[in-house]
Amino acid sequence: MSTSVSRPVSPVKVQQLINGEFHLSQAKDWIDVTNPATQDVIAQVPCTTAAEMQQAIASAKAAFKVWKETPVPARARIMLKYQDLLKTHHDELAEILAKETGKTFEDAKGDVWRGIEVVEHAANIPSLMMGETVENVATKIDTYSYTQPLGVCAGITPFNFPAMIPLWMFPLAIACGNTFILKPSEQDPMTPMRLAELFLEAGAPKDVLQVVHGRKEQVDALLTDPEIKAISFVGSVPVGQYIYQTGTANMKRVQAFAGAKNHMVVMPDANRDQVVNNIVGASCGAAGQRCMAISVAVLVGAAKEWIGDIKDALSNVRPGAWNDPQAAYGPLISPQARDRVLSLIAKGKSEGATCLLDGSECVVEGFPDGNWVGPTLFTDVTPQMSIYSEEIFGPVLCVLCVDTLEDAIALINEHPCGNGTSIFTASGAAARKYQHEIEVGQVGINVPIPVPLPFFSFTGWKASFYGDQHAYGKQAVRFYTETKTITARWFESDIEASGPNMTIHLK
């Protein structure tokens, strides 16, 4: 039974963090933050003014001069304290997150925890920033390298993971010795603001992290300001392309994580119950609003006989409010997001796909205004259909049937996105062939959503990523740093000079 949500008395004004102080913006343009289950306005977030943006950038620039000289172990100790505070406030953060995103409480806790894991990784920064040394590269000449921070970095984060994705970015960037400006999603800014409060409580210098808010105008200010050295972004394909093109045109490093269309290949030798359970969770969890959600099931050979089992399992899944313990997932983030998903469901029907399960008319008792979409299942899908080619970002699963594993690999490799994929099989040979030949950055073997732990990197390919170095792991450290190489000789007093060397050859 759904649990009703109390109505707020008045919306909270979301603050900014600039120059180490939390304060209200002088902005005239404010954006409503709504509860996705009720449409109640629970907060208002400012569009940071141009003057405030410049103040944040100037503050971050000034702070960098001091912060970069902070000993690396001291930075690590702040991250150790920060992860401890995040664990202490884990459930509090999850409740804030659930209320503004609509995620179930359990799902919100997972969002927070995956972010904590990245902060734990950032606490290892002394080892991660080690350089290299070779003695005697030539006679009495040694070469060694240092890893040094870039300067002011910025992050632009999406609505769907307001704890995890900010924590992908600013802890590692700051641990590397940079300062950071975060522009979180205007749809759920309260979780990132609480993350910032706890970061200062952990002992971080007050101006190494700035938090600003807004839309495209504020993003453009970060993309074009010469003081910003690197931009991290997570969002859609069109915006990711814009971020990458604009940022690099302004001589910045950019890592832009974009859209996805993730396939699960099911071999007939796989465990049927495991397959069904994993397809349901990976396609409908978080209302399908994950860049690593499974939105396409590719059934190989006799596995097509399991379509009925998948339908039955999806039929038993229902959405609900964040504090309903029986709810499998929550509402979509906004009415606009729901309308887009419904339009794609309608287009799938009109383009000839068979809709075995239709969640278009989903109703949740007690929440008539929620952005609900029920589990939806399509079969007879072809690659030419919009529901296959476009990222739906809703609880919609498309099923395609092929004859062989080779057919499945060819189908997936033709798709422009390459974020994540998985194969369910009992065959080591099939799994080895799949992981080797598939043109996708993150592969799961009997794992539906293969998001790596933070000591690896999040490695989307093709149109799912624009840039060179990925998020977290060793690649993120390389993204947020420069390498300085020193070649050194110390002359001994009793060695006579041998005359000038007129070549570039080291002797």
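The values are calculated or read from the model by the stated rules, or taken from the named source; none is laboratory data. If you're wondering where the values come from, they're calculated on a predicted model, not measured in any experiment. Here the Cβ is made from the backbone with ideal geometry for all residues, glycine too, and neighbour counts use every protein chain on show. Ligands, DNA and RNA are excluded from the accessible area calculation, which covers all protein heavy atoms including side chains. Shrake-Rupley method; radii C 1.70, N 1.55, O 1.52, S 1.80 Å.
A few notes on this one:
- Check on Asp403, of a type outside the set (Val, Ile, Thr), open to solvent by 10 Å² or more (accessible area, probe 1.4 Å) and on the phi < 0 side of the Ramachandran plot: yes
- Evaluating Ile165 against the criteria (1) part of a strand (DSSP E or B); (2) surrounded by 24 or more Cβ atoms within 10 Å (Cβ to Cβ) leaves one unmet condition, (1).
- Selection count where residues are in contact (Cβ under 8 Å) with a residue 12 or more places away in the chain and open to solvent by 70 Å² or more (accessible area, probe 1.4 Å), scope the range 474-490: 8
- Lone unmet requirement of (1) of a type in the set (Ser, Thr, Tyr); (2) in a loop (DSSP other than H, G, I, E, B); (3) open to solvent by 50 Å² or more (accessible area, probe 1.4 Å) for Ser127: (2)
- Any hit, the range 229-245, residues being charged (D, E, K, R), open to solvent by 10 Å² or more (accessible area, probe 1.4 Å), part of a loop (DSSP other than H, G, I, E, B) and at pLDDT 95 or above: no
- Test: Pro162 is modelled with pLDDT of 95 or more and touching a His at 6+ places or on another chain (Cβ under 9 Å): no
- Criterion: part of a loop (DSSP other than H, G, I, E, B), in contact (Cβ under 8 Å) with a residue 60 or more places away in the chain and open to solvent by 50 Å² or more (accessible area, probe 1.4 Å) - qualifying residue of Glu361, Glu365: Glu365
- If the condition is being in a helix (DSSP H, G or I) and hydrophobic (A, V, I, L, M, F, W, C), then the range 173-212 contributes Ala173, Ile174, Ala175, Met190, Met193, Leu195, Ala196, Leu198, Phe199, Leu200.
Rundown of residues vs (1) assigned to a strand (DSSP E or B); (2) surrounded by fewer than 21 Cβ atoms within 10 Å (Cβ to Cβ); (3) modelled with pLDDT under 95; (4) of a type in the set (Lys, Arg), yes/no style:
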residue: Gly348; (1), (2), (3), (4): no, no, no, no
residue: Gly352; (1), (2), (3), (4): no, yes, no, no
residue: Leu377; (1), (2), (3), (4): yes, no, no, no
residue: Val381; (1), (2), (3), (4): no, no, no, no
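- Some residue of the range 326-339 being assigned to a helix (DSSP H, G or I), touching a helix residue (DSSP H, G or I) at 6+ places or on another chain (Cβ under 6 Å) and not polar (S, T, N, Q): no
- The range 142-155: number of residues that are outside any loop (DSSP other than H, G, I, E, B) and open to solvent by 10 Å² or more (accessible area, probe 1.4 Å): 8
- The residue list Leu344, Leu332 contains one member that is more than 20 Å from Cys401 (Cβ to Cβ), surrounded by 18 or more Cβ atoms within 10 Å (Cβ to Cβ) and touching an Asp or Glu at 6+ places or on another chain (Cβ under 7 Å), which is Leu344.
- Residues of the range 429-473 classified as of a type in the set (A, V, I, L, M, F, W, C), surrounded by fewer than 21 Cβ atoms within 10 Å (Cβ to Cβ) and closer than 21 Å to Arg114 by Cα, total: 8
- For Asp225: the one exception among (1) farther than 23 Å from Asp403 by Cα; (2) without any contact (Cβ under 8 Å) to a residue 40 or more places away in the chain: (2)
- Test result for Thr191, free of Cβ contacts under 8 Å to residues at least 60 places away in the same chain and open to solvent by less than 30 Å² (accessible area, probe 1.4 Å): no
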